[in-house]
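Below: the structure, in structure tokens.
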Amino acid sequence: MIPGLWLDGSTWSAVTPPLEQAGHRVRALTLPGKESKDADRAGIGLKDHADFVVAAIDEAEEPVVLVGHSGGGAIAQLASDARPDKVARVVYVDAAPMPEGSVINDEIPIVDGELPLPDWGFFEDEDLVDLDDELRERFRALSIPEAVGVAYDRSSFTSERRRDVPTTIISCEIPSKMILEWIDQGAPFVREVAAIKDVEYVDLPTGHWPQFTKPTELGQVLLEIVSRT
């Protein structure tokens, strides 16, 4: 399980119980530079995070299901590109595979050489659905500044075999029917989604951070996905 920007592995804790109770082995990753607010993030880039996930895949005895939230989806995509034979499925949580040369988000303001969680006004209203004041306080307290390179570096792939890996997209703030309409229209930002050979969609209506706003529901959705993989 790969967290998105500003989050560490502990932020999956309310999501994993259904998976663990069903007997699945869950590994919630804390990516390099996100060990603490004071960790050294200098020089860390997108490839460092992808390599960290690849190392975790290599440690597993069996093929894995990668779950990536938001920017963690881009990292999951890169890891599955590196190890397509060892990834049974990639699950994108309010995320989607990106076209070659894309960035996670190069509009996040840089402060003192890193990317702290911006003010809430930076985000779209759709991002913040169900994220009430209490959850916003909790999120900000848990947030860890992100290394600039993780959000700003451009993705680069090695093989089209990544498109053979079965894929699930959990749509939260944007209904899946909208994604399908964009694909039908030939929109360039979904061309990588359109190229995947085996992709399914699951709608979980909420804001951009379902691990905070609907953790139990997200855990159950993930259990159903893993169970049929």
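Lysine pairs in the chain whose alpha-carbon atoms fall under 21 angstrom of each other, counting only those eight or more residues apart or on distinct chains, come to 6. Net charge of the neighbourhood of MET178, taken over other residues with C-beta under 12 Å away and scored Lys/Arg +1, Asp/Glu -1, is -4.
For ILE104, neighbours were defined as the other residues whose beta-carbon sits under 12 Å from its Cβ, and their charges (Lys and Arg +1, Asp and Glu -1) total -3.
Placing unit charges on the Cβ atoms only, positive for Lys and Arg and negative for Asp and Glu, gives the chain a dipole magnitude near 700 debye about its Cα centre.
Of LYS47, LYS37, the sequence from fewest to most neighbouring Cβ atoms within 10 angstrom is LYS37, LYS47. Counting only DSSP beta bridges with both residues in the chain, the antiparallel share comes to about 10 percent. Among the GluC sites (Glu not before Pro) in the range 1-59, those located in a DSSP loop and surrounded by at most 15 other Cβ atoms within 10 Å of their own Cβ are GLU35. Only one item in (1) 11.7; (2) 13.9; (3) 12.7 matches mean projected area of the Cα convex hull in nm² derived from the coordinates shown, and that item is (1).
Net charge of the neighbourhood of ALA56, taken over other residues with C-beta under 14 Å away and scored Lys/Arg +1, Asp/Glu -1, is -2.
Taken together, the values in this text are just the output of simple stated rules run on the coordinates, not laboratory data. Please read all numbers here as calculations on a predicted model, not as lab measurements. Backbone-built Cβ (ideal geometry, glycine too); neighbour counts: all protein chains shown.
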